[in-house]
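The values are calculated or read from the model by the stated rules, or taken from the named source; none is laboratory data. Keep in mind the model is a prediction, meaning the values are calculated, not measured. Note that we place each Cβ from the backbone using ideal geometry, even for glycine, and neighbour counts take in every protein chain shown. Quick note on the areas: whole protein, heavy atoms, side chains included, nothing else; ligands and nucleic acids left out. Shrake-Rupley method; radii C 1.70, N 1.55, O 1.52, S 1.80 Å.
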Amino acid sequence: MSSSFKVRFAKYSDKENIMSFIGNYWAKNHILSNDQMFFDFQYRHEDDLQFVLALDTTNRIVGVLGYMQYDPEKNEQDIVLALWKVIPNLSDPVLGIKLIKYLRDNIKHRSMFCVGINKKTIGVYKFMGFQTGKLVHFAAFNTECKTFSIAIPPLKKKFFVCDDSWNFKKTKSVELSLEKLIKISGYKEKKPHKSKNYILKRYVKHPYFFYIFYEVYEKNFYLGLVVSREVQYLSGRALRIIDVLAENNNISRIINEFVSTLNKSCYEYIDVYASNLDMYLLTKGNYELVSDSQKITIPDYFSPFEKKNIDIHFCTTDNQPSCFFKGDGDQDNPRIRRESITND
Amino acid sequence: MSVSTIIEIFQDILDVKKGTVSLKTTSSDIDQWDSLATVNIIAALEEEFGIKFKLEDIQTVKTVQDFVELVQAHKK
(Lines give C-alpha, C1' and ligand atoms only; values in the text may rest on other atoms or scores of the structure.)
Protein backbone atom coordinates (compact mmCIF):
# COMPACT_ATOMS: atom_id res chain seq x y z
CA MET A 1 0.00 0.00 0.00
CA SER A 2 1.58 3.31 -0.99
CA SER A 3 1.42 6.27 1.36
CA SER A 4 -0.63 9.30 0.38
CA PHE A 5 2.02 11.49 2.00
CA LYS A 6 5.40 12.47 0.66
CA VAL A 7 8.40 12.83 2.99
CA ARG A 8 11.41 14.90 1.90
CA PHE A 9 14.08 17.30 3.11
CA ALA A 10 13.10 20.97 3.21
CA LYS A 11 14.43 23.57 0.80
CA TYR A 12 15.00 27.18 1.72
CA SER A 13 11.92 28.10 -0.31
CA ASP A 14 9.80 26.10 2.19
CA LYS A 15 10.64 28.57 4.95
CA GLU A 16 7.41 30.60 4.98
CA ASN A 17 5.24 27.50 4.94
CA ILE A 18 7.21 25.90 7.78
CA MET A 19 6.95 29.07 9.87
CA SER A 20 3.19 29.21 9.27
CA PHE A 21 2.90 25.54 10.20
CA ILE A 22 4.72 26.18 13.49
CA GLY A 23 2.41 29.09 14.29
CA ASN A 24 -0.72 27.13 13.38
CA TYR A 25 0.05 23.75 14.86
CA TRP A 26 2.89 24.06 17.40
CA ALA A 27 2.45 27.30 19.29
CA LYS A 28 0.91 30.61 18.29
CA ASN A 29 3.45 33.42 18.75
CA HIS A 30 6.33 30.94 18.94
CA ILE A 31 9.54 32.74 17.99
CA LEU A 32 10.09 30.30 15.11
CA SER A 33 6.74 31.29 13.62
CA ASN A 34 7.42 35.02 13.44
CA ASP A 35 11.13 35.77 13.64
CA GLN A 36 12.74 35.09 10.26
CA MET A 37 16.21 35.98 11.46
CA PHE A 38 16.03 33.59 14.40
CA PHE A 39 14.53 30.88 12.21
CA ASP A 40 17.50 31.19 9.82
CA PHE A 41 19.94 31.20 12.72
CA GLN A 42 18.57 27.96 14.04
CA TYR A 43 17.72 25.98 10.94
CA ARG A 44 19.46 27.38 7.86
CA HIS A 45 22.44 25.42 6.60
CA GLU A 46 23.84 26.89 3.37
CA ASP A 47 20.92 26.78 0.87
CA ASP A 48 18.89 24.26 2.82
CA LEU A 49 16.76 24.20 5.90
CA GLN A 50 17.41 21.48 8.44
CA PHE A 51 13.90 20.10 8.38
CA VAL A 52 12.27 16.91 7.17
CA LEU A 53 8.76 17.59 5.88
CA ALA A 54 5.66 15.48 5.35
CA LEU A 55 3.37 16.79 2.61
CA ASP A 56 -0.07 15.71 1.50
CA THR A 57 -1.16 15.26 -2.13
CA THR A 58 -1.76 19.01 -2.46
CA ASN A 59 1.80 19.74 -1.21
CA ARG A 60 0.48 21.13 2.05
CA ILE A 61 2.86 20.60 4.98
CA VAL A 62 1.29 18.17 7.45
CA GLY A 63 4.36 17.32 9.54
CA VAL A 64 7.80 18.71 10.35
CA LEU A 65 10.94 17.45 12.04
CA GLY A 66 13.69 19.99 12.74
CA TYR A 67 17.28 18.91 13.33
CA MET A 68 20.76 20.33 13.70
CA GLN A 69 24.02 18.94 12.45
CA TYR A 70 26.91 19.28 14.89
CA ASP A 71 29.56 18.75 12.22
CA PRO A 72 28.07 18.61 8.68
CA GLU A 73 31.50 18.17 7.10
CA LYS A 74 31.80 14.72 8.66
CA ASN A 75 29.97 11.51 7.83
CA GLU A 76 30.41 10.42 11.44
CA GLN A 77 28.59 13.44 12.79
CA ASP A 78 26.13 13.63 15.65
CA ILE A 79 22.68 14.96 14.84
CA VAL A 80 20.29 16.49 17.32
CA LEU A 81 16.54 16.43 16.76
CA ALA A 82 14.40 19.45 17.57
CA LEU A 83 10.84 20.51 16.82
CA TRP A 84 8.71 17.48 15.84
CA LYS A 85 5.04 17.86 14.98
CA VAL A 86 2.47 16.11 12.80
CA ILE A 87 -1.08 17.41 12.54
CA PRO A 88 -3.89 15.22 13.90
CA ASN A 89 -6.47 13.27 11.92
CA LEU A 90 -4.22 12.09 9.12
CA SER A 91 -4.83 8.79 7.41
CA ASP A 92 -1.32 7.62 8.30
CA PRO A 93 -1.02 6.81 12.02
CA VAL A 94 2.77 6.54 11.92
CA LEU A 95 3.71 9.57 9.84
CA GLY A 96 5.60 11.12 12.78
CA ILE A 97 7.71 8.00 13.08
CA LYS A 98 8.36 8.06 9.34
CA LEU A 99 9.86 11.55 9.61
CA ILE A 100 12.52 10.33 12.04
CA LYS A 101 13.08 7.16 10.01
CA TYR A 102 13.57 9.25 6.86
CA LEU A 103 16.24 11.33 8.58
CA ARG A 104 17.99 8.23 9.94
CA ASP A 105 17.95 6.59 6.51
CA ASN A 106 19.00 9.59 4.45
CA ILE A 107 21.68 11.47 6.33
CA LYS A 108 25.00 9.97 7.34
CA HIS A 109 25.53 10.13 11.07
CA ARG A 110 27.21 8.50 14.04
CA SER A 111 24.46 9.16 16.54
CA MET A 112 21.12 10.89 16.71
CA PHE A 113 19.68 12.33 19.89
CA CYS A 114 17.22 14.84 21.29
CA VAL A 115 17.33 16.83 24.52
CA GLY A 116 14.01 18.07 25.84
CA ILE A 117 11.68 15.34 24.62
CA ASN A 118 8.12 15.31 25.86
CA LYS A 119 7.72 12.64 28.55
CA LYS A 120 4.67 11.28 26.68
CA THR A 121 6.81 10.49 23.62
CA ILE A 122 9.35 8.33 25.45
CA GLY A 123 7.53 5.17 24.28
CA VAL A 124 7.79 6.25 20.63
CA TYR A 125 11.53 6.82 20.88
CA LYS A 126 12.04 3.51 22.68
CA PHE A 127 10.09 1.71 19.98
CA MET A 128 12.44 3.27 17.42
CA GLY A 129 15.44 1.89 19.28
CA PHE A 130 16.50 5.04 21.16
CA GLN A 131 17.75 4.91 24.74
CA THR A 132 16.02 7.45 26.97
CA GLY A 133 16.94 9.23 30.19
CA LYS A 134 16.72 12.42 32.17
CA LEU A 135 19.27 15.21 32.55
CA VAL A 136 20.30 15.53 36.18
CA HIS A 137 19.95 19.00 37.68
CA PHE A 138 22.54 20.25 40.20
CA ALA A 139 23.01 23.62 41.89
CA ALA A 140 25.61 25.24 44.14
CA PHE A 141 24.44 28.08 46.38
CA ASN A 142 26.28 31.27 47.23
CA THR A 143 26.94 31.15 51.00
CA GLU A 144 27.22 34.94 51.12
CA CYS A 145 23.78 35.51 49.58
CA LYS A 146 21.23 36.53 52.23
CA THR A 147 18.09 36.87 50.11
CA PHE A 148 17.02 34.49 47.37
CA SER A 149 14.58 35.86 44.78
CA ILE A 150 14.95 33.12 42.18
CA ALA A 151 15.72 29.92 44.04
CA ILE A 152 14.53 28.19 47.15
CA PRO A 153 17.86 27.07 48.63
CA PRO A 154 18.41 24.24 51.11
CA LEU A 155 18.14 25.19 54.79
CA LYS A 156 21.84 24.64 55.27
CA LYS A 157 24.17 25.83 52.50
CA LYS A 158 27.44 24.07 51.80
CA PHE A 159 30.77 25.84 52.24
CA PHE A 160 32.75 25.30 49.08
CA VAL A 161 35.91 23.29 49.03
CA CYS A 162 37.97 24.35 46.01
CA ASP A 163 41.38 23.37 44.79
CA ASP A 164 43.73 26.34 44.30
CA SER A 165 45.37 24.68 41.33
CA TRP A 166 42.27 25.40 39.25
CA ASN A 167 41.75 28.66 37.41
CA PHE A 168 38.72 29.93 35.46
CA LYS A 169 39.51 32.87 33.17
CA LYS A 170 36.65 34.78 31.62
CA THR A 171 37.37 35.14 27.88
CA LYS A 172 35.98 36.81 24.80
CA SER A 173 38.55 35.15 22.55
CA VAL A 174 36.41 32.09 22.05
CA GLU A 175 37.76 31.22 18.62
CA LEU A 176 41.35 31.09 19.92
CA SER A 177 40.24 28.98 22.84
CA LEU A 178 38.43 26.57 20.52
CA GLU A 179 41.61 26.18 18.47
CA LYS A 180 43.25 24.83 21.61
CA LEU A 181 40.23 22.69 22.41
CA ILE A 182 40.05 20.87 19.09
CA LYS A 183 43.69 19.82 19.46
CA ILE A 184 42.90 17.88 22.64
CA SER A 185 42.69 14.25 21.55
CA GLY A 186 39.97 13.37 24.10
CA TYR A 187 37.79 16.17 22.77
CA LYS A 188 37.97 14.75 19.26
CA GLU A 189 36.54 11.48 20.58
CA LYS A 190 33.83 13.18 22.59
CA LYS A 191 30.20 12.23 22.07
CA PRO A 192 28.33 14.25 21.07
CA HIS A 193 31.02 16.15 19.20
CA LYS A 194 30.38 19.78 18.28
CA SER A 195 32.56 21.30 15.58
CA LYS A 196 34.28 24.64 16.09
CA ASN A 197 31.95 26.27 13.57
CA TYR A 198 28.88 24.90 15.29
CA ILE A 199 30.05 26.16 18.69
CA LEU A 200 30.84 29.63 17.34
CA LYS A 201 27.47 29.87 15.66
CA ARG A 202 25.50 28.42 18.57
CA TYR A 203 27.05 30.37 21.43
CA VAL A 204 28.97 33.35 20.04
CA LYS A 205 26.61 34.43 17.27
CA HIS A 206 23.35 33.76 19.08
CA PRO A 207 21.03 36.64 18.12
CA TYR A 208 19.40 37.03 21.53
CA PHE A 209 21.31 35.25 24.28
CA PHE A 210 24.64 36.48 25.60
CA TYR A 211 26.87 33.66 26.73
CA ILE A 212 29.80 34.09 29.10
CA PHE A 213 32.84 31.91 28.44
CA TYR A 214 35.41 30.75 30.96
CA GLU A 215 38.64 29.03 29.99
CA VAL A 216 39.47 26.22 32.39
CA TYR A 217 43.00 25.56 33.63
CA GLU A 218 44.21 22.94 36.08
CA LYS A 219 47.83 23.54 37.15
CA ASN A 220 48.08 25.92 34.18
CA PHE A 221 47.05 23.10 31.84
CA TYR A 222 44.18 24.06 29.51
CA LEU A 223 41.18 21.73 29.83
CA GLY A 224 38.45 23.49 27.87
CA LEU A 225 35.63 26.02 28.15
CA VAL A 226 32.61 26.54 30.36
CA VAL A 227 29.70 28.18 28.53
CA SER A 228 27.43 30.02 30.93
CA ARG A 229 24.54 32.44 30.86
CA GLU A 230 23.26 34.91 33.41
CA VAL A 231 19.57 34.89 34.30
CA GLN A 232 17.66 37.44 36.30
CA TYR A 233 14.34 37.69 38.12
CA LEU A 234 13.36 40.70 40.25
CA SER A 235 16.55 41.63 42.11
CA GLY A 236 18.02 38.13 41.88
CA ARG A 237 20.68 36.92 39.49
CA ALA A 238 22.07 33.47 38.86
CA LEU A 239 24.58 31.87 36.56
CA ARG A 240 23.65 28.80 34.56
CA ILE A 241 26.20 26.40 33.12
CA ILE A 242 24.82 25.77 29.64
CA ASP A 243 27.63 23.60 28.30
CA VAL A 244 31.08 22.36 29.19
CA LEU A 245 33.37 21.92 26.19
CA ALA A 246 36.00 19.52 27.42
CA GLU A 247 36.84 15.82 27.53
CA ASN A 248 33.97 13.91 29.13
CA ASN A 249 36.14 12.52 31.93
CA ASN A 250 37.05 16.05 33.10
CA ILE A 251 33.56 17.52 33.04
CA SER A 252 32.36 16.67 36.56
CA ARG A 253 35.59 17.95 38.12
CA ILE A 254 35.37 21.16 36.09
CA ILE A 255 31.78 21.75 37.22
CA ASN A 256 32.67 21.05 40.85
CA GLU A 257 35.58 23.51 40.84
CA PHE A 258 33.67 26.14 38.83
CA VAL A 259 31.86 27.21 42.02
CA SER A 260 34.99 29.22 42.90
CA THR A 261 33.60 31.84 40.48
CA LEU A 262 30.60 32.27 42.83
CA ASN A 263 32.76 33.77 45.56
CA LYS A 264 32.26 37.53 45.72
CA SER A 265 29.79 37.32 42.81
CA CYS A 266 26.28 38.73 42.78
CA TYR A 267 24.79 35.34 41.90
CA GLU A 268 22.42 33.42 44.13
CA TYR A 269 23.56 30.13 42.68
CA ILE A 270 25.12 28.26 39.77
CA ASP A 271 23.09 25.45 38.23
CA VAL A 272 23.67 22.85 35.57
CA TYR A 273 21.57 20.27 33.73
CA ALA A 274 23.55 17.37 32.26
CA SER A 275 23.65 13.62 31.74
CA ASN A 276 26.37 11.21 32.74
CA LEU A 277 27.95 13.41 35.40
CA ASP A 278 29.67 11.95 38.47
CA MET A 279 26.85 12.32 40.96
CA TYR A 280 28.98 11.17 43.91
CA LEU A 281 31.73 13.70 43.17
CA LEU A 282 29.28 16.58 42.80
CA THR A 283 27.01 15.87 45.78
CA LYS A 284 29.91 15.03 48.10
CA GLY A 285 31.57 18.12 46.67
CA ASN A 286 30.06 21.56 46.18
CA TYR A 287 26.65 20.84 44.66
CA GLU A 288 23.14 19.90 45.76
CA LEU A 289 20.98 17.56 43.73
CA VAL A 290 17.93 19.48 42.52
CA SER A 291 16.29 16.67 40.51
CA ASP A 292 13.48 15.04 42.55
CA SER A 293 14.16 17.40 45.49
CA GLN A 294 11.12 18.51 47.51
CA LYS A 295 13.12 21.12 49.42
CA ILE A 296 15.17 22.90 46.78
CA THR A 297 13.72 24.83 43.85
CA ILE A 298 15.77 26.01 40.88
CA PRO A 299 13.60 27.37 38.04
CA ASP A 300 14.23 26.59 34.40
CA TYR A 301 11.70 29.00 32.89
CA PHE A 302 12.31 32.75 33.16
CA SER A 303 9.99 34.28 30.57
CA PRO A 304 7.47 33.97 31.99
CA PHE A 305 9.12 33.12 35.29
CA GLU A 306 7.96 29.86 36.87
CA LYS A 307 9.29 29.03 40.30
CA LYS A 308 9.35 25.27 39.99
CA ASN A 309 11.73 22.45 39.16
CA ILE A 310 11.55 21.11 35.63
CA ASP A 311 12.65 17.72 34.34
CA ILE A 312 14.45 17.57 30.98
CA HIS A 313 14.25 14.19 29.26
CA PHE A 314 16.49 13.05 26.42
CA CYS A 315 16.81 10.18 23.96
CA THR A 316 19.79 8.90 22.00
CA THR A 317 20.64 6.19 19.51
CA ASP A 318 24.04 5.78 21.15
CA ASN A 319 24.37 2.83 23.51
CA GLN A 320 27.36 4.42 25.23
CA PRO A 321 26.73 7.06 27.92
CA SER A 322 26.93 10.57 26.47
CA CYS A 323 27.32 13.90 28.21
CA PHE A 324 24.38 16.06 27.16
CA PHE A 325 23.80 19.59 28.43
CA LYS A 326 20.99 22.10 28.38
CA GLY A 327 22.87 23.77 25.53
CA ASP A 328 22.37 20.75 23.29
CA GLY A 329 19.77 21.01 20.55
CA ASP A 330 17.16 23.74 20.79
CA GLN A 331 16.74 23.77 24.58
CA ASP A 332 18.48 27.01 25.52
CA ASN A 333 16.59 29.41 23.29
CA PRO A 334 13.92 32.07 23.62
CA ARG A 335 10.39 30.90 22.99
CA ILE A 336 8.79 34.27 22.31
CA ARG A 337 10.15 37.03 20.12
CA ARG A 338 11.23 40.19 21.89
CA GLU A 339 13.25 43.21 20.80
CA SER A 340 16.01 42.45 23.23
CA ILE A 341 16.23 39.24 25.18
CA THR A 342 18.73 38.83 27.96
CA ASN A 343 16.82 36.26 29.92
CA ASP A 344 14.66 33.22 29.36
CA MET B 1 -6.59 -14.53 18.25
CA SER B 2 -9.74 -12.51 18.74
CA VAL B 3 -10.60 -9.52 16.58
CA SER B 4 -12.83 -8.18 19.36
CA THR B 5 -9.84 -8.17 21.73
CA ILE B 6 -7.89 -6.04 19.23
CA ILE B 7 -10.81 -3.65 18.85
CA GLU B 8 -11.09 -3.39 22.65
CA ILE B 9 -7.39 -2.54 22.84
CA PHE B 10 -7.90 0.26 20.31
CA GLN B 11 -10.91 1.61 22.21
CA ASP B 12 -9.07 1.53 25.54
CA ILE B 13 -5.95 3.28 24.29
CA LEU B 14 -7.74 5.82 22.13
CA ASP B 15 -10.16 6.40 25.00
CA VAL B 16 -13.30 6.21 22.84
CA LYS B 17 -16.73 4.70 23.46
CA LYS B 18 -17.50 1.07 22.69
CA GLY B 19 -18.64 0.74 19.08
CA THR B 20 -16.54 3.68 17.85
CA VAL B 21 -13.80 1.46 16.43
CA SER B 22 -14.42 -0.98 13.58
CA LEU B 23 -12.10 -2.85 11.24
CA LYS B 24 -12.41 -0.01 8.74
CA THR B 25 -11.47 2.74 11.22
CA THR B 26 -8.39 4.79 10.26
CA SER B 27 -6.40 7.36 12.16
CA SER B 28 -8.17 10.16 10.31
CA ASP B 29 -11.41 9.09 12.04
CA ILE B 30 -10.13 9.57 15.58
CA ASP B 31 -8.34 12.69 16.88
CA GLN B 32 -6.27 10.85 19.48
CA TRP B 33 -4.83 8.31 17.04
CA ASP B 34 -1.32 9.61 16.34
CA SER B 35 2.17 8.07 16.33
CA LEU B 36 2.23 8.00 20.12
CA ALA B 37 -1.13 6.19 20.32
CA THR B 38 0.04 3.78 17.61
CA VAL B 39 3.09 2.84 19.64
CA ASN B 40 0.91 2.34 22.72
CA ILE B 41 -1.43 0.14 20.68
CA ILE B 42 1.54 -1.86 19.41
CA ALA B 43 2.87 -2.33 22.95
CA ALA B 44 -0.56 -3.55 24.10
CA LEU B 45 -0.88 -5.94 21.13
CA GLU B 46 2.61 -7.30 21.78
CA GLU B 47 1.78 -7.96 25.40
CA GLU B 48 -1.64 -9.46 24.69
CA PHE B 49 -0.48 -11.84 21.95
CA GLY B 50 3.13 -12.47 22.99
CA ILE B 51 4.56 -11.14 19.74
CA LYS B 52 7.13 -8.50 18.80
CA PHE B 53 6.80 -5.94 16.01
CA LYS B 54 9.62 -4.20 14.21
CA LEU B 55 9.64 -0.63 12.97
CA GLU B 56 9.40 -1.90 9.36
CA ASP B 57 6.23 -3.86 10.19
CA ILE B 58 4.18 -0.77 10.87
CA GLN B 59 5.24 1.34 7.87
CA THR B 60 2.10 0.57 5.88
CA VAL B 61 -0.58 0.17 8.53
CA LYS B 62 -3.56 2.45 8.09
CA THR B 63 -6.69 0.70 9.32
CA VAL B 64 -7.56 -1.47 12.30
CA GLN B 65 -7.87 -4.31 9.77
CA ASP B 66 -4.17 -3.77 8.89
CA PHE B 67 -3.28 -4.29 12.55
CA VAL B 68 -5.39 -7.45 12.71
CA GLU B 69 -3.52 -8.82 9.68
CA LEU B 70 -0.20 -7.83 11.22
CA VAL B 71 -1.03 -9.73 14.41
CA GLN B 72 -2.17 -12.75 12.37
CA ALA B 73 1.08 -12.72 10.38
CA HIS B 74 3.14 -12.65 13.57
CA LYS B 75 1.10 -15.41 15.24
CA LYS B 76 1.80 -17.82 12.37
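Using a 10 angstrom cutoff on alpha carbons, build the Gaussian network for chain A and name the most mobile of A:Asn59, A:Asn309, A:Asn197. In this elastic network of chain A, the residue with the biggest mean-square fluctuation among A:Asn59, A:Asn309, A:Asn197 is A:Asn59.
Of A:Lys191/A:Lys264; A:Lys169/A:Lys201; A:Lys134/A:Lys190; A:Lys85/A:Lys134; A:Lys158/A:Lys180, which pairs sit farther than 23 Å apart, going by alpha carbon to alpha carbon? Walk me through the numbers before you get to the answer.
Numbers: A:Lys191/A:Lys264 35 Å; A:Lys169/A:Lys201 21 Å; A:Lys134/A:Lys190 20 Å; A:Lys85/A:Lys134 21 Å; A:Lys158/A:Lys180 34 Å.
Long pairs (Cα-Cα over 23 Å): A:Lys191/A:Lys264; A:Lys158/A:Lys180.
In chain A, a dipole from Cβ-located charges (positive for Lys and Arg, negative for Asp and Glu) runs towards its positive end, and of A:Phe5, A:Val174, A:Phe305 it is A:Phe305 whose Cα lies farthest in that direction. Figure note: A:Asp71, B:Asp15 ranked by solvent-accessible area, largest first, 1.4 Å probe, ligands and nucleic acids not counted: B:Asp15, A:Asp71. I need the calculated FRET efficiency for the pair B:Asp12 and A:Lys126, taking r as the beta carbon distance and R₀ as 25 Å, to the nearest 0.05. My answer for the efficiency is 0.80. Cα extents for chain A along the principal axes, largest to smallest and rounded to whole angstrom: 66, 42, 37.
In a reduced charge model with +1 at each Lys and Arg Cβ and -1 at each Asp and Glu Cβ, chain A shows a dipole moment near 360 debye about its Cα centre. Among all stretches of chain A without exposed chymotrypsin sites (Phe, Trp or Tyr not before Pro) (DSSP loop, at most 12 other Cβ atoms within 10 Å), which one is longest? Here the longest segment lacking exposed loop sites spans A:1-158.
Would you mind getting me the FRET efficiency between A:Asn263 and A:Lys108? Use the beta-carbon distance for r and R0 = 60 Å, nearest 0.05.
Numbers: r = 47 Å, r/R0 = 0.78.
Rounded to the nearest 0.05, the efficiency is 0.80.
Taking +1 at the Cβ of each Lys and Arg and -1 at the Cβ of each Asp and Glu, which of B:Thr60, A:Asn286, A:Phe127 sits farthest along the dipole of the protein assembly as shown towards its positive end, judged by Cα position relative to the Cα centre? Selected residue: A:Asn286. Amide H to amide H, with H built 1.01 Å from N, A:Ile312 comes under 5 Å of A:Leu135, counting only residues 5 or more places away or on other chains.
Chains A and B: buried accessible surface, both sides, probe 1.4 Å, rounded to 100 Å²? The buried area between A and B, both sides summed, comes to about 1900 Å².
Each residue of the stretch A:212-223 is assigned a 3J(HN,Hα), and the resulting list reads 10, 10, 10, 7, 10, 10, 10, 6, 6, 9, 6, 10 Hz, derived from the Karplus form 6.51 cos²θ - 1.76 cosθ + 1.60 (θ = phi - 60°), x at Gly and Pro. To the nearest ten degrees, helix A:248-257 and the longest principal axis of the Cα atoms of chain A are 50 degrees apart.
Taking every Cα-Cα distance in chain B and sorting them into 5 Å bins from zero, the calculated P(r) comes out as 3, 16, 33, 29, 15, 4, 0 percent.
With a point put 7 Å past each Cα toward its Cβ, work out how far A:Asp164 is from A:Asn319 in nm, to one decimal. Result for the modelled spin labels: 4.8 nm. Taken one residue at a time, the phi angles of the stretch A:315-325 give Karplus couplings (6.51, -1.76, 1.60, θ = phi - 60°) of 9, 8, 7, 7, 7, 7, x, 10, 9, 9, 10 Hz. Gly and Pro are set to x. By the rule of a C-alpha distance below 16 Å, with chain neighbours fewer than 8 residues away ignored, the aspartates and glutamates paired with A:Lys307 are A:Glu268, A:Asp271, A:Asp292, A:Asp344. The separation of the stretch A:75-123 from the stretch A:211-278, counted between C-alpha centres, amounts to 31 Å.
Calculation over all alpha carbon pairs of the stretch A:135-316 in 5 angstrom steps from 0 returns a P(r) of 1, 8, 17, 21, 21, 16, 11, 4, 1 percent. For chain A, a Gaussian network of Cα nodes joined below 10 Å ranks A:Asn250, A:Asn106, A:Asn333 by mean-square fluctuation, and the top entry is A:Asn106. Under a 5 Å amide H cut-off, with hydrogens placed 1.01 Å from N, A:His45 pairs with A:Gln50 among residues at least 5 apart or on other chains. Projecting the Cα positions of A:Tyr273, A:Ser260, A:Asn250 onto the charge dipole of chain A (unit charges on Cβ atoms of Lys, Arg, Asp and Glu, taken about the Cα centre) puts A:Tyr273 furthest along the positive direction.
If R₀ is 56 angstrom, what is the calculated FRET efficiency for the pair A:Leu155 and A:Gln36, using the beta carbon separation as r and rounding to 0.05?
Details: r = 49 Å, r/R0 = 0.87.
FRET efficiency, A:Leu155 to A:Gln36: 0.70.
List the relative contact order of chain A as a percent without decimals, with contacts defined as Cα pairs under 8 Å and 6+ residues apart.
Details: 661 pairs, mean separation 73.0, N = 344.
About 21 percent, as a whole number.
So which residues of the stretch A:122-148 lose at least 50 Å² of accessible area, probe 1.4 Å, when you go from the chain by itself to every protein chain present? The answer is A:Phe127 - residues whose exposure falls by at least 50 Å² when every protein chain is included.
Taking other residues whose beta carbon is less than 11 angstrom from the beta carbon of A:Ser265, and scoring Lys, Arg as +1 and Asp, Glu as -1, yields -1.
The angle separating the long axis of helix A:95-106 from the principal Cα axis of greatest extent in chain A is about 80 degrees.
With every protein chain in place and a 1.4 angstrom probe, the accessible-area ranking of A:Arg8, A:Arg104, largest first, reads A:Arg104, A:Arg8. Note on surface exposure: A:Met279, A:Met19 rank A:Met279, A:Met19 by accessible area, highest first, 1.4 Å probe.
Over chain A, dividing the summed -39,500 (n - 2.57) contributions of all DSSP H runs of at least 4 residues by the number of residues returns a 222 nm mean residue ellipticity of -5000 deg cm²/dmol. Here the Karplus curve 6.51 cos²θ - 1.76 cosθ + 1.60, taken at θ = phi - 60°, turns the phi angles of the stretch A:27-40 into couplings of 7, 4, 6, 5, 4, 6, 9, 9, 10, 4, 5, 5, 4, 5 Hz, with x standing for Gly and Pro. Summarising the label geometry, the points placed 7 Å from Cα in the beta-carbon direction at B:Asp57 and B:Ser22 lie 2.7 nm from one another.
Across chain B, the relative contact order, built from alpha-carbon pairs under 8 Å that are at least six residues apart, equals 36 percent. Here chain B has 47 percent of its accessible surface on carbon and sulfur atoms, given a 1.4 Å probe and all protein chains in place.
Excluding ligands, DNA and RNA, the accessible surface per residue across the protein assembly as shown is 47 Å² with a 1.4 Å probe. The charge dipole of the stretch A:135-316, taken about the Cα centre with unit charges on the Cβ atoms of Lys, Arg (+1) and Asp, Glu (-1), comes to about 360 debye, rounded to the nearest 20.
Placing a label point 7 Å from the Cα of A:Glu175 along the Cα-to-Cβ direction, the residues of the stretch A:203-223 whose backbone N falls under 13 Å from that point are A:204-205.
Considering only protein heavy atoms and a 1.4 Å probe, what is the carbon-and-sulfur percentage of the accessible area of the stretch A:135-316? It would help to have the intermediate numbers written out before the result.
On the way: 4250 of 8330 Å².
Answer for the stretch A:135-316 is 51 percent, counting heavy atoms of protein chains only.
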